[in-house]
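The values are calculated or read from the model by the stated rules, or taken from the named source; none is laboratory data. Quick caveat: nothing in here was measured; it's all calculated off a predicted structure. Note: ideal-geometry Cβ built from the backbone for every residue, glycine included; neighbour counts use all protein chains shown.
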Amino acid sequence: MASVAAAERVVVAPVVTHRPWWRGKLVQVASIVALMYVAYRIWALEYPWPNDLVWNTLSLHLDDFQIWLLTERGKEDQGLVFTVFEGFSTSIDRLVDWFTRLLLWMTWAGTTVAGVALVLRFGGLRVALLTLFAFASFALVGLWEESMQTLALMLLAVSLSLLVGIPLGIAAGRSQRVSRAITPVLDAMQIVPAFAYLLPVVILFSIGPAAAVVSTMIYAIPPAIRITALGIRGVPVNTVEAATSLGSTRGQLLRKVQLPLARRMILLGVNQTILFALSMVVIAGLIGGGGLGAVVTSGLYSNPALAILAGLVIVVMAMTLDRVTEAMADRTDPAKQHLDDSRRRRIRLQAAAAGTAVVVAIVLAKIFGAASVYPDEARGRTVTIEEWLLAKFQVVLDYIQDPFSFAFSITQPTGTFVFQQLLQPLQEFLVEMPWFVTVAGLTAIAFVISGLRPALTALLMLALIGFTGVWALAMDTLSQVLVATAIAAVIGVTLGVLAAESGAFSKAMRPVNDLLQTLPQLVYLIPFIYLVQVSVVPGIVAGALYAFPVTLRLVERGVRDVSPSSVEAASAFGASRLQTLVKVKLPLAGDAVMLGVNQAIVMVLAVVVIGGLVGSGGLGYEVAQGLVRGQFGQGVIASLAILALGIALDRVTQGTRSARREVLT
Amino acid sequence: MSDRGGRRFRRPIGLVAVAALTALALLTTGSAFGGGAQSCGTVVINEQSWAGSTANTYVAKYVLEKRLNCKVKLTQVTEGPPYFQAMRDGKVDAALEDWDNTLTTAGQTYIKDKSVRVVGSNGITGVIGWYIPRYLLKQYPQFKTWRGLKGKETVFKSPESGSQGMFLGGDPSYVQKDRALIKELGLNLKHVVAGAEPAQVARWSQLYKQKKPVLFYWYDPQYLNAQYDLVRVQLPKRFAGCVDDEKLSGKHACEYPSYGLDKLVSGKFATSGSPALKFVKKFKWTSADQNVVANLIAGKKLKPEKAAEQWVKANAAKVNAWLK
């Protein structure tokens, strides 16, 4: 789904004549790393970041700021600012609350019929059946109320994200300056862990749906902006010029040319926004969003099988929303609409029939008292579907939690081996290296790969990390991020190429990607810890699994977008399929591959906090601790360090190609 | 953007249908929500993530609903400043188990402006400390106290701790000072963070099942203490000026204090005169009681409502005392 610019590609001769960009650079980077290693062997542990270069009171200042905010917010007569926030949060709270109550009032039967009818009308039969399955599963697994709370919350969060994101995306697509101005903000929104801003959000918007919606929006808006901008920019230049030369105003150009042509890309943005929003359900649950997120959290502590069940319901909801919006968009495509009178009449009849069905369903449900009885209970059977599923999950969990199982005898030694041979040495290498060697080395690598300006930015960011006093923690995190990114890149590139070559494989991967992007990570990581008893491994797995779908999608799109004429030319010269792939497609898709790696870093950093919750230590742990223990400053500093690390790594890996900033997730 | 000819014709029917539905919904919800407030009204209780808190909350909910005709709504706001703010804003009325979050600087802000009030203990004393499985005492009886650990730290060696013994740290959101303790007691232990509580449980319970040595941060009451036989290692006695927050400087080398777990109510609820307030003030039980209910929920996987019902029915006398 995610993709690089669909910009018109210049037809390139099938034989790549220029030297591959990495050949020289790879050697240079390797020599820098070798030099760093020598320095490490000589001076390990002798030069930690000097205490004189740390702003020690920063954390206290931030704590003071939090207390100030708390006090201001608590005052009887509040300033205009707080009144505005309060008005906003009250109206969102009411809206979500009202919508949830409406869905619940309609009962599972009525809501299901209404949902299916609506989707049938605008999306078609296939997705209507999917909707039916989704609603039925919400009711059958006994999580109906929670599902409706989450659905109401997410529909609002997604709508608001799009309302803000699409116009901004259009602005960014039409103006380089706007684009350049908001890109760093978008990076920050994606990388800074939600745990860091939950507290200010709670203080400003209080607890409840509004706070949950705002936190979700912060994470879900960036893809809407980025992909929309990409779509607008992807409109062929000659089309725009043609329209302008025919006398279109800027407004006309936008409405009649750019928007219609960018339509598919914008819809892609809608889909990614949905997935990103749904990945925030658990975080939203922590600050009063309730619903499935809260079930996952409390389930993790007292009933892991229930957490898995609720997690899967979130995935089902995400996939259904995704497929439904896609189908609706497809149906309403102006290019495909040819309405004559008889079709119009038929549609009107269908709508009326659907409306009647909904009313009938609600009335019947009310009469039979379906509001309080769910289908799982109505059967009168001894074992409900919910219990049956939970029991099945429990069987799996019991096996996983048995240290004498066959699986454990394989996973545990493997995990230990990877940790001792790969992770620990790398961790020690980065943490114990003299700080100035690390700074110089990484800056030099950034210079070699990306050029002078990115190198300076990387230098600045690394200095910032040291200055805020979290150097060692950040280096610890860096080692894990590097490993997770490497794994994500290898998996993502391999599978991406496969998906580009085979349509069937691509189709098969899609649900897997959606699952990995929306299933709350802790749901599968906690069982994983039982199998691999080494702290940092689960965090790395989390990062790699969350990041590789993005790389996969980018690489797949990049390889597919390689101009067909190049491929044809290659085959005309007698190149085999493999040769075409290796010699033509991959080099020509080099940008997309690089972008895929680059985005993998952003995604890995976005789940550093999850790592902190499963034993990774480092910055993620600090952030997680900051929220609850009231150590606001500590959390913010660690989050800023994660961001700085992200920017530095981004600059190191972005490469010199100009197309690289056309990112989406 | 796709607003071409045909769509305009279609819209009215869809709109009318939605409008009709909405009107219907408003009518019915309006009447349904208007009638219920006889004596008690709605009480909002916050449930925290650990099983003990779920036990408190559902027992209170059951009694409030069945005996006092209250309507109880549960929220799951995370502890610390987030749920304090929820109380200040009147969105949460009560929380039944606070582990001294009120003593943090941020917590004190809410206590001072009376938007959060402590209304006594829930009867349970919380204990935090260093725990080992009891089977270890057979081979190493000296592990009863921290002095016995000295020189024997490598018993707890793991792939992650190198040449040292491994100490498994607690959930990042819990009070802890183990790094400082290890350093100040001069123990050859490596503090390994295990992450959130479920992740930490995954670590030590696997070692326990294999009857291997393990030393970790743990607490009581906790439902797992009924399933695993654990012993607390005695740390140096508390002394005046001993610091419990490892971020603060000073001497930390004393055992954790015991925590009287507090019930909290919001300022708004405290002045509401609701009959539920009286109940919350009187609600009090023991670690053993809580463990029974928590174990039904987390150990036996009973639905919390059912677990609460079972306990309430078996303990009528205790419940009646809360209602006097």
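A single member of A:Gly617, A:Gly626, A:Gly612, A:Gly633 is in contact with a helix residue (DSSP H, G or I) (Cβ under 9 Å, 6 or more places away or on another chain), within 30 Å of B:Val175 (Cα to Cα) and surrounded by fewer than 22 Cβ atoms within 10 Å (Cβ to Cβ), and it is A:Gly633.
How many of the residues making up the range A:136-152 are among the hydroxyl-bearing types (Ser, Thr, Tyr) and surrounded by fewer than 22 Cβ atoms within 10 Å (Cβ to Cβ)? Result for the range A:136-152: 1. Just one of the numbered conditions (1) part of a helix (DSSP H, G or I); (2) touching a residue at least 12 places away in the same chain (Cβ under 8 Å) is not true of A:Gln420: (2). Among the helices (runs of 4 or more DSSP H) confined to the range A:500-581, the ones with at least 3 residues that are modelled with pLDDT of 90 or more and within 14 Å of another protein chain (Cβ to nearest Cβ) are located at A:521-531, A:536-560.
Given the condition more than 10 Å from every other protein chain (Cβ to nearest Cβ), in contact with a Lys or Arg (Cβ under 8 Å, 6 or more places away or on another chain), more than 16 Å from B:Ile128 (Cβ to Cβ) and not hydroxyl-bearing (Ser, Thr, Tyr), answer yes or no: does some residue in the range B:150-160 qualify? Scanning the range B:150-160 turns up no residue that is more than 10 Å from every other protein chain (Cβ to nearest Cβ), in contact with a Lys or Arg (Cβ under 8 Å, 6 or more places away or on another chain), more than 16 Å from B:Ile128 (Cβ to Cβ) and not hydroxyl-bearing (Ser, Thr, Tyr).
Of all residues in the range B:177-191, those satisfying the criterion of being touching a helix residue (DSSP H, G or I) at 6+ places or on another chain (Cβ under 9 Å) and either surrounded by 22 or more Cβ atoms within 10 Å (Cβ to Cβ) or assigned to a loop (DSSP other than H, G, I, E, B) (or both) are B:Leu181, B:Leu185, B:Leu187, B:Asn188, B:Leu189.
Check the range A:110-121 and report whether any residue there is surrounded by fewer than 15 Cβ atoms within 10 Å (Cβ to Cβ), more than 13 Å from every other protein chain (Cβ to nearest Cβ) and β-branched (Val, Ile, Thr). No; the residues of the range A:110-121 include none that is surrounded by fewer than 15 Cβ atoms within 10 Å (Cβ to Cβ), more than 13 Å from every other protein chain (Cβ to nearest Cβ) and β-branched (Val, Ile, Thr). Test B:Val155 against the criterion of being outside any helix (DSSP H, G or I) and either surrounded by 15 or more Cβ atoms within 10 Å (Cβ to Cβ) or at pLDDT below 95 (or both), and give yes or no. Spelling it out, it is not the case that B:Val155 is outside any helix (DSSP H, G or I) and either surrounded by 15 or more Cβ atoms within 10 Å (Cβ to Cβ) or at pLDDT below 95 (or both).
Scanning the range B:108-125 for residues that are crowded, with 21+ Cβ neighbours inside 10 Å and of a type outside the set (Ser, Thr, Tyr) turns up B:Val116, B:Asn122, B:Ile124. Scanning the range B:264-311 for residues being surrounded by 17 or more Cβ atoms within 10 Å (Cβ to Cβ) and hydroxyl-bearing (Ser, Thr, Tyr) gives a total of 3. A:Leu155: surrounded by fewer than 19 Cβ atoms within 10 Å (Cβ to Cβ) and under 22 Å from A:Val363 (Cβ atoms), yes or no? Against the criterion (surrounded by fewer than 19 Cβ atoms within 10 Å (Cβ to Cβ) and under 22 Å from A:Val363 (Cβ atoms)), A:Leu155 does not qualify.
Within the range A:385-425, the set of residues being more than 13 Å from every other protein chain (Cβ to nearest Cβ) and surrounded by 16 or more Cβ atoms within 10 Å (Cβ to Cβ) comprises just one member, A:Ile385.
Results for (1) assigned to a helix (DSSP H, G or I); (2) under 23 Å from B:Glu79 (Cβ atoms); (3) in contact with a Leu (Cβ under 6 Å, 6 or more places away or on another chain); (4) touching a residue at least 60 places away in the same chain (Cβ under 8 Å), shown as yes or no for each residue.
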position	(1), (2), (3), (4)
A:Thr239	yes, no, no, no
A:Ser298	yes, yes, no, no
A:Ala307	yes, yes, yes, yes
A:Met317	yes, no, no, yes
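The residues on offer are B:Pro213, B:Pro198, and the sole one that is modelled with pLDDT of 95 or more, crowded, with 20+ Cβ neighbours inside 10 Å, within 14 Å of another protein chain (Cβ to nearest Cβ) and outside any strand (DSSP E or B) is B:Pro213.
Of all residues in the range A:215-244, those being crowded, with 24+ Cβ neighbours inside 10 Å, within 20 Å of A:Val282 (Cα to Cα) and among the β-branched types (Val, Ile, Thr) number 2.
Counting only residues that are assigned to a loop (DSSP other than H, G, I, E, B) and among the polar types (S, T, N, Q), how many does the range B:271-324 have?
Restricting attention to the range B:271-324, the residues satisfying the condition of being assigned to a loop (DSSP other than H, G, I, E, B) are B:271-274, B:283-286, B:300-303, B:315, B:324.
Remaining after also requiring among the polar types (S, T, N, Q): B:271-272, B:274, B:286, B:315.
Matching residues across the range B:271-324 total 5.
The residues on offer are B:Ser49, B:Ser53, and the sole one that is among the small types (Gly, Ala, Ser), in a helix (DSSP H, G or I) and facing chain A (nearest Cβ under 10 Å) is B:Ser53. Residue pairs whose Cβ atoms lie under 6 Å apart, sitting 6 or more positions apart in sequence or on different chains, and linking a residue in the range B:98-113 that is facing chain A (nearest Cβ under 8 Å) to a partner that is outside any helix (DSSP H, G or I) and not acidic (Asp, Glu), are B:Asn101/B:Gly80; B:Thr104/A:Gly630; B:Ala106/A:Gly630; B:Tyr110/B:Val116. Looking only at the range A:609-630, decide whether some residue is of a type in the set (Val, Ile, Thr), assigned to a helix (DSSP H, G or I) and either at pLDDT below 80 or not assigned by TED's automatic domain parsing to the domain that holds A:Gln480 (or both). Within the range A:609-630, one or more residues are of a type in the set (Val, Ile, Thr), assigned to a helix (DSSP H, G or I) and either at pLDDT below 80 or not assigned by TED's automatic domain parsing to the domain that holds A:Gln480 (or both).
A:Leu286 meets all of the listed conditions (1) in contact with a Leu (Cβ under 9 Å, 6 or more places away or on another chain); (2) within 13 Å of chain B (Cβ to nearest Cβ); (3) at pLDDT below 85 but one, namely (3).
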